[in-house]
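Take a look at the structure set out below.
The values are calculated or read from the model by the stated rules, or taken from the named source; none is laboratory data. Note that this is a predicted model, so its numbers are computed, not measured. Using ideal geometry, Cβ is built from the backbone for each residue, glycine included, and neighbour counts are taken over all protein chains shown. With ligands, DNA and RNA removed, areas are computed over all heavy atoms of the protein, side chains included. Shrake-Rupley method; radii C 1.70, N 1.55, O 1.52, S 1.80 Å.
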Amino acid sequence: IPASIRAKAPATIPLWYYDETRGKWIEEGSATKQGNNYVGTVAHFSSWNCDQPTQTSYLEGHVVDANGNPLTFANVKTTGVDYTGSSSARTDDAGYFKVPVKSASSAKVWGSYYIVTGPEQTVATPATGTVKDIGNLVVPVDTTSFCTIIGRVLDNGNFPLGSMYVIQKDENGKQIDYLSTGKDGRFRFFGEAGKSYTLELSWYTDSTKKSTTVNVSCPATPGVVDVGDIKVDVGGALVTGRIVDSTGAP
């Protein structure tokens, strides 16, 4: 049991095993707290886990800069204080975010924009299924010194590739940000005016890892840098269809 949650760890905790046939976790039995460990007896050998059932609530608010202006596409992250777990979200065009947390608990929340991180807030999370507005998360950044880097990832058939992992690295090769493309294949990063970056994409084809990189230079004057379409060799077909039951109903 992690030291940070030993004081609040329950006396017993449910045991779960993974049923590969059904494709889900099944609760079976429990484990008892003994010192810094949970100890229990399992009925068969497979993948087991000690866990509490999901109890989720939400925190919402806005991320703003030092002048109170909303920060679009900023990162919001949380980590549990009295539980183990974390979550994250990106803000929308108005700087708004909504991020899941464990309900009726304590969590740390903070915002970041590019390489600038704002101060943490410790928040008491609301009851299961409810939403708590925590107001503004301030990131002390001057957005006038940043440029926006945008682009799109396509496959060989010119279909947008969603959920493609893209890493942003600085001039020294240090990773400074990452994201997954949206369903339209698009991505967006931020960079400092006058500096250069590398965008790195990786994927697997027939168990072979492949990658490609794109070099980006931000102009001296902040603005938008569109790197255009990046073609990724993962095939060029799109399969569509419909699932129906024995009567033909969708």
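At a 1.4 Å probe radius, carbon and sulfur cover how many percent of the accessible area of the range 171-216? The value for the range 171-216 is 39 percent carbon and sulfur by accessible area. Count Lys and Arg as plus one, Asp and Glu as minus one, and take only other residues whose Cβ is under 15 Å from that of Phe73; the net charge is then 0.
Between rounded, prolate and oblate, where does the range 53-144 land on the alpha carbon gyration tensor, with a ≥ b ≥ c its root eigenvalues, rounded for a/c under 1.5, else prolate if a/b exceeds b/c?
Judged from the Cα gyration tensor, the range 53-144 comes out prolate (a/c at least 1.5, a/b above b/c).
Phi angles of the range 206-223 translate, via the Karplus equation with coefficients 6.51, -1.76, 1.60 and θ = phi - 60°, into HN-Hα couplings of 6, 6, 9, 6, 10, 7, 8, 10, 10, 8, 10, 10, 7, x, 5, 9, x, x Hz per residue; Gly and Pro are given as x.
The residue list Tyr38, Pro14, Ala89 was ranked by how far each Cα lies along the charge dipole of the range 13-96 toward its positive end, using unit charges on Cβ atoms, and Tyr38 comes out on top. Placing Arg6, Arg186 in order of accessible area, with the largest value first and a 1.4 Å probe, yields Arg186, Arg6. By a 1.4 Å probe calculation restricted to protein chains, Ser163 has an accessible surface near 100 Å², given to the nearest 10. A 1.4 Å probe run over the range 126-201, with the rest of the protein chains in place, finds 49 Å² accessible per residue.
Ignoring ligands, DNA and RNA, what percent of the 1.4 Å accessible area of the range 77-150 is carbon and sulfur?
Its accessible area is 51 percent carbon and sulfur atoms.
Measuring only protein heavy atoms, the 1.4 Å probe finds Thr12 accessible over about 80 Å². Return the FRET efficiency for the residue pair Gln52, Glu192: r is the Cβ-Cβ distance, R0 is 30 Å, and the value is rounded to the nearest 0.05. After rounding to 0.05, the efficiency reads 0.10. Here the calculated FRET efficiency for Tyr178 and Ser246, from their Cβ-Cβ distance with R0 = 41 Å, stands at 0.35, rounded to the nearest 0.05. Relative to a virtual label point 7 Å from the Cα of Arg22 in the Cα→beta-carbon direction, which members of the range 230-250 show backbone nitrogen distances below 15 Å? Within reach of a label on Arg22, which here means backbone N under 15 Å from a point 7 Å along Cα→Cβ, the range 230-250 contributes nothing. Dipole check for the range 129-250: with +1 at the C-beta of Lys and Arg, -1 at the C-beta of Asp and Glu, and the Cα centre as origin, the magnitude is about 140 Debye.
What does the charge add up to near Lys98, with Lys and Arg as +1, Asp and Glu as -1, over the other residues with Cβ less than 11 Å from its Cβ? Don't skip to the answer; put the middle values down first.
Working: positive: Arg90, Lys132; negative: Glu60, Asp92, Asp133.
For residues surrounding Lys98, the net value is -1.
Note on Lys108 and Glu60: the model spin-label points, each 7 Å out from Cα along the C-beta direction, lie 2.7 nm apart. When all protein chains stay in place and ligands, DNA and RNA are ignored, the 1.4 Å accessible-area order of Tyr113, Tyr58, Tyr204, largest first, is Tyr204, Tyr58, Tyr113.
Close amide H contacts of Gly194 (hydrogens built in the peptide plane, cut-off under 5 Å, sequence separation of 5 or more or a different chain): Cys218, Ala220. With a/c under 1.5 counting as rounded, go ahead and sort the range 100-250 into rounded, prolate or oblate using the C-alpha gyration tensor (a ≥ b ≥ c being the square roots of the eigenvalues; past the cut-off, prolate if a/b is larger than b/c, else oblate). Oblate, since a/c reaches 1.5 and b/c is not below a/b.
Summing Lys, Arg as +1 and Asp, Glu as -1, what charge do residues with Cβ under 13 Å from the Cβ of Lys8 carry, Lys8 excluded? Within the 13 Å Cβ shell, the charges total +2.
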